[in-house]
Structures are given as C-alpha cells and as structure tokens.
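Each reported figure results from applying straightforward, stated rules to the coordinates on display, with no laboratory input. Remember, it's a predicted structure, so these values are computed and weren't measured experimentally. Every residue, glycine as well, gets a Cβ built from its backbone with ideal geometry; the counts of neighbours run over all protein chains shown.
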Amino acid sequence: MSNGIEQREQWGSRMGFIFAAAGSAVGLGNIWKFPYMVGANGGGAFVVIYLAIVFTIGVSVMLAEFAIGRNAGLNAVGSFKKIKGGAWPLVGWMGVIAGFLILSFYGVVAGWTLAYMVKSFTGLIAIAAEGKAGDAFGAFVSNPTQVILWQAIFMLMTIWIVYKGIGSGIEQYCKWMMPGLFLILLILIVRSVTLEGAGKGLEFYLKPDFSKVHGGVFLAALGQGFFSLSLGMGCMITYGSYLSKKEVLPSAAVTVSFLDTCVAFLAGLVIFPAVFAFGVEPGAGPGLTFITLPSVFAKMPGGMIWSALFFFLLFLAAITSAISLLEVCVAYFKDELGWSRPKATWILGLVIFLLGVPSALSLGGHIPQVAGKDFLDAVDFVSSNVLLPLGGIFISLFVGWVWLDGAEKEITNNGTIPFGFMTAWVWICRIVAPVAIAYIFFSGLKW
Ligand code: TRP
C-alpha cells in the first residue's frame, strides 16, 4: 500500500491456522523417522516416553514461540528486536539460516517422493517385484538430471503456495491438504492392518520392551520431538505472528502437538504391519521408505495404487512443511528489508533451490563428502543438531527469564483467559527445557 502502513496478513480462521501449523509439524520426520524409532527403541515404552516429552517440553516451547510471534507480530528476527533487542535477534537469525539450510535438503527428499509417486505407475513396482528396489533407488539418486528436475518441481510448488500469501496461499492449501493427508493415512492403515500376518508388525512396533530403554532413548525422543514439532527456528514465531489477538494460545499449542503426534503414531500402523505381513526386513530412514516399501507394495494386489497413494501422502506431508520453512525466510526479508512478497518468495526460493543442488547430487557421489558425510547429511546435521537445539535453548530462556511478564500477558490474552499450567510452563521454560535441550545438544554433537 502506498502510505507504507500496510495491514499485516492474518490467518482467516482458527481452523486454518491450526491446519497450517500442524501442516508444518507433520512432515517427512513423522512418516519415515518416527515409526522406525519406535520399533528400534522399545516399542510402546518409547511411545510413552515420547508422549511425556512432547506434552511437557514440546508444547511449552511451542507456546513460547507462539507468544513471541503474536506479541511482536513480526518475523523471527524482528520479533526479538522489537521485544528486547540486544543480542537476542541473533536467535532469530540462526532460525532464518536454519530455514535456508533445512529447506535446501528437504526439497531434495521431497522431490524423490514426487518422483516415486509417478514411478509407481511407470515400472517401479515391476522392478521391485524382481527384488531390485535397492538398485532402482541407487540408480535414481545418482541420476543428476532426474533428482534436480524433481527437486525443482517440488520447489516451484512450494514457491507458488508461499507466493499466494498467508490466507489465500498457505492457509487455503493446508485446509485441504491436511484433511486429505488424514484420509489417505486412514485408508492405508485399513489396508495394512487387514493383511494376513499384520499382527507380527504390530508386535514389533508396539510391544513395550523396557530392556531397550536407556539414556540414549530419551535423547532420541527429545531430538525427534523437537524436529517433528518444527521448533527451535522461529517457524512457530512466524506462524504465530499472523494470529489474531483473540486466539487462545495454549490450546492451539496442545492441538497442533496432538495432531503431529497422531500422524507420527499412525504412520507406524501403515508401515510395520505391511512390512511384516510380507516378511520383508524393515530398514531405516530413506531405505525403509524408498526401498523396503516398494518391495512390500509389489507383493500386494493393486500395488501400484497403494504405492502411489503412499508417496502422495509423503508429498503432502512434505509440502506443508516446506512452505513453513520458506515462509520463515520470506517473512524476514519482507518485514526487515521491505521486500514485496512476490520478490522475496521467488528470489529466496531460487536461492534455496540452488543451495540444495549439492545435496541433490551428493547421494550419487557427484559431490565430495564433507568430513566423511554426504553433503545432504552434513547440512542436515548442522541445522538439526546444532542450530535447532541452540534456538530452542535460547527461546526457552528468553521467555522464562528475560520476558516473563510480557509472555504471561500474551498467553493469558492480557489476563482475560485463565491458564492453569502457568507455573509449570514457567519452570519448564526456565530450567527443564534448556537443560534437557542442552543435553541433547552436547550428545548430538558427535559428527
Ligand atoms: N516438522 C517437519 C517434519 O517433521 C519439518 C520442519 C518443518 C521443521 N519446519 C520446521 C523442523 C522447522 C524444524 C524446524 O518433517
């Protein structure tokens, strides 16, 4: 607008905001990482630990981010500047950098999900039926044109949605993509648990095995919870900045965390019953998703359809997260440097795409390794194991010690709504969260 006092964009409805924030949280992390971690770390015992961590530390840090963002009504850097200044905006800065880095490799893997959706109909299943899903995946990720093309397509879609803005872009798309994701998940669960022999998978997934629970398991649960809830980089600060002053923050944080945890848990009900029903060895991470599962689909009647549906599910989860990562960067350039949304979206989207190219090429060995890690894993390590935990520690300390009065007012909408867990929340932010996250940080520093 010409007078320079442009009205800041806002979410159109509470539901729209919840879907957008849950869309950010529900991502690749939920579907390929959580189920495997449960299976490998004590089944039901891990689920209980994860729930305890998410609904204490996770929800608290998310609430802290919402409060900071809504109070300032600005991007991650601007929010800290406006509320306190000093060195605090550096926390937002780390977040913006983490946004660039995470989206650069996230876009690569998300591109694979699109490719596999199409490949489901064009020969993937036949190849997998011959037991060659592993070779096919290897050939795909070492084909530079293919991986970069799919990465580019995915990034273009991400840019398009963010370019359309908060209400008519992110909110509109998340409002149908998130229910779509739930629907597909339910269809796939029904298919999977009704397979003959599904029970063995359920047992692997959920049977509590306390002998596997040791210190490392708490660590794994905390790290996973943090990444899964999109915490530590100002994503929820940015999304919170578009919230109306009337919204109730604590219930929003609980709802978003609950939805995220549901999807993670339900993904395991799709994967393990099917894997065990066909007697395939479950792998981990990308291997489980792109090699084990196509082999499983190949053994099912109508395998092509199930495979395409599953990769569509992954794609939906990935894109609603990718837009939140891009929005963190766009909001910063818009608020702080005065760029227009279209300019910020296209330029930053392009930069992030280019930044992702080395990651895209790294799995085929086209890029030298960085100190023994593939480029993609190295970028993942720096952002997830260094920047996010540091961000989380400082965000908790900030609300717990530096800006407590303001945060309390923000959370209670200026004292007009009660919040029964205030004391617990304050001490989690002051002590429990920083100490717990510092612990993950130092143990996670092993390259
Ligand atoms: N939470 C997403 C997932 O589970 C990824 C993600 C999106 C994220 N935005 C984030 C992670 C911000 C950390 C910070 O895949």
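Numerical summary
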read-out	value
Overall dimensions of the stretch 300-354 as given by Cα atoms, namely Rg and Dmax in Å	16.6, 55
Violating pairs (Cα-Cα greater than 25 angstrom) within the set Lys33/Lys212; Lys299/Lys373; Lys212/Lys299; Lys33/Lys132	Lys299/Lys373; Lys212/Lys299
Extension reserve of the Lys84-Glu281 stretch, reckoned as 0.36 nm per residue once the Cα distance is removed	65.6 nm
Net charge of neighbours whose Cβ lies under 9 Å from the Cβ of Ala277, counting Lys and Arg as +1 and Asp and Glu as -1	+1
Sequence-separation-based contact order of the chain, relative, with Cα cut under 8 Å and 6+ spacing, percent	34 percent
Net charge of neighbours whose Cβ lies under 15 Å from the Cβ of Phe394, counting Lys and Arg as +1 and Asp and Glu as -1	+2
Viscosity 1.567 mPa s, temperature 4 °C, Stokes-Einstein D of the stretch 243-390 from Kirkwood C-alpha radius, µm²/s	69 µm²/s
Over the chain: helical MRE at 222 nm, DSSP H runs n ≥ 4 each giving -39500 (n - 2.57), nearest 500	-21500 deg cm²/dmol
Residue of Thr292, Thr320, Thr412 that the Gaussian network model of the chain assigns the largest fluctuation, springs spanning Cα pairs under 10 Å	Thr412
Sorted by Cβ neighbour density within 10 Å, fewest at the top, the residues Glu281, Glu65, Glu410	Glu281, Glu410, Glu65
Net charge, Ser244 excluded, C-beta distance under 9 Å - Lys, Arg +1, Asp, Glu -1	+3
Overall Cα dimensions of the stretch 24-148 - principal axes, largest extent first, Å	61, 41, 21
Normalised contact order of the stretch 1-158, rounded percent, pairs of Cα under 8 Å and 6 or more residues apart	13 percent
Order of Lys119, Lys84 - criterion: other Cβ atoms within 10 Å of each residue's Cβ, fewest first	Lys84, Lys119
Helix runs (DSSP H) in the chain reaching 18 Å along axis by Cα, Kyte-Doolittle at least 0.0	59-72, 89-119, 144-163, 172-193, 215-228, 249-277, 303-337, 341-362
Set of lysines near Lys245 by C-alpha distance (under 27 Å), chain-local residues within fewer than 8 positions excluded	Lys81, Lys82, Lys84, Lys164, Lys175, Lys334, Lys409
Kirkwood-type radius of the chain, with distances r between different C-alpha atoms, in Å	22.0 Å
Packing-based order for 103-111, 270-278, 189-197, using average beta carbon neighbours within 10 Å, highest first	103-111, 270-278, 189-197
